[in-house]
1. From the list Gly81, Gly72, exactly one residue is buried (at least 24 other Cβ atoms within 10 Å of the Cβ) and not β-branched (Val, Ile, Thr). Which is it?
2. Show the residue pairs that are 6+ apart or on different chains and have beta-carbon atoms under 8 Å apart, the first residue being within segment 25-51 and within 17 Å of Leu116 (Cβ to Cβ), the second being modelled with pLDDT of 95 or more and charged (D, E, K, R).
3. Let me confirm something: among Ala22, Ala29, which residue is surrounded by fewer than 19 Cβ atoms within 10 Å (Cβ to Cβ), at pLDDT 95 or above and not basic (Lys, Arg)?
4. Look through segment 126-181, keep the residues that are over 19 Å from Glu103 (Cβ atoms) and of a type in the set (Val, Ile, Thr), and return whichever of them is surrounded by the fewest Cβ atoms within 10 Å (Cβ to Cβ).
5. Name the residues in segment 139-185 that are part of a strand (DSSP E or B) and among the small types (Gly, Ala, Ser), would you?
6. Could you grab me the full set of residues in segment 141-158 that are of a type outside the set (Val, Ile, Thr) and within 15 Å of Gly79 (Cβ to Cβ)?
7. Would you mind stating whether Ala80 is part of a helix (DSSP H, G or I) and out of contact with any Lys or Arg (no Cβ under 8 Å at 6 or more places or on another chain)?
8. If you take the residues of segment 51-69 that are part of a loop (DSSP other than H, G, I, E, B) and in contact with a Pro (Cβ under 7 Å, 6 or more places away or on another chain), which of them is surrounded by the fewest Cβ atoms within 10 Å (Cβ to Cβ)?
Amino acid sequence: MQKLTDTLIHNGTLKSEVVIDAFRSIDRANFVPHESIPSAHEDHPIHIGYQQTISQPTTVAFMLELLDVQKGEHVLDIGAGSGWTTALLGHIVGNEGTVTGLERVDELVTFGTENLAKYDLPQAHIERAGTTLGKPKETFDRILISAAARAFPEELLMQVREGGVIVLPVRDAIWKITRIEHQPSIEKFEGYIFVPLITKHK
């Protein structure tokens with residue numbers, strides 16, 4: 001993972017010390033199926049079953065840099081999958097913050113929870129997603145979504161504090177949304193591919 005991290009620093013994807021430290025500390029190999037461990041440090045997505053993937057490291061690094069998480073913040077990680085992004089975020093927020101990972105596939109809730117347990121991150125956990133997107137009764141400093149929505153799910157805007165940030169894929173672009181005076185300020189970055197976001201139970 002160190003070599004991959006160095007490459008991401010060299011090409012300018014990883015920039016901030018907190019995200020770099022998270023990448024050095026949380027090994028992607030601990031969050032992939034056993035048969036995929038040999039390729040865990042390569043810069044491409046890896047299938048984790050149930051039509052889901054663990055995202056390409058370059059993409060995860062880019063999204064975390066956009067999210068700009070600070071220590072002590074409360075973060076919602078929608079589409080936690082194998083738990084890698086939940087663990088990275090947990091490392092960044094530290095003991096005074098919290099990270100709630102949401103996942104709709106029961107088997108991946110279990111897989112991600114087992115993977116998180118490989119690290120001392122009591123501030124981070126993964127739970128079964130509810131029937132609505134996110135956690136409507138709570139407010140977070142940052143929200144990360146790792147699956148592509150067809151359009152910006154506006155209900156999430158009320159789940160992030162004023163000045164807070166949401167980073168998510170919308171179709172084939174990554175959007176950074178900042179809540180300013182209850183309205184979304186949107187930046188778009190084109191050219192990405194994600195698995196589709198499941199917004200409702202089948």
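The values are calculated or read from the model by the stated rules, or taken from the named source; none is laboratory data. Here the structure is a predicted model, which means the values were calculated and not measured. Heads up, the Cβs are rebuilt from the backbone with ideal geometry, glycines too, and the neighbour counts pull from every protein chain shown.
1. Values: Gly72 fails: buried (at least 24 other Cβ atoms within 10 Å of the Cβ).
Criteria check complete, one pass: Gly81.
2. Sorted first by the residue in segment 25-51, then by its partner, the pairs are Asn30/Lys118; Ala40/Asp27; Ala40/Arg28.
3. Numbers: Ala22 fails: surrounded by fewer than 19 Cβ atoms within 10 Å (Cβ to Cβ).
Only one candidate qualifies: Ala29.
4. Taking the candidates together, the pick is Ile180.
5. So in segment 139-185, the residues part of a strand (DSSP E or B) come out as 140-145, 148-149, 160-170, 173-180, 183-185.
Listed by number, the residues that qualify are Ala148, Ala149, Gly163, Gly164, Ala173, Ser185.
6. Within segment 141-158, Arg142, Leu144, Ser146, Ala147, Ala148, Ala149, Arg150, Pro153, Leu156 qualify.
7. Working: part of a helix (DSSP H, G or I): no; out of contact with any Lys or Arg (no Cβ under 8 Å at 6 or more places or on another chain): yes.
Against the criterion (part of a helix (DSSP H, G or I) and out of contact with any Lys or Arg (no Cβ under 8 Å at 6 or more places or on another chain)), Ala80 does not qualify.
8. Just the residues of segment 51-69 that are part of a loop (DSSP other than H, G, I, E, B), to begin with: 51, 55-56, 68-69.
When the remaining residues are screened for being in contact with a Pro (Cβ under 7 Å, 6 or more places away or on another chain), the result is 55-56.
Numbers: Ser55: 25, Gln56: 17.
Restricting to residues being part of a loop (DSSP other than H, G, I, E, B) and in contact with a Pro (Cβ under 7 Å, 6 or more places away or on another chain), the top hit is Gln56.
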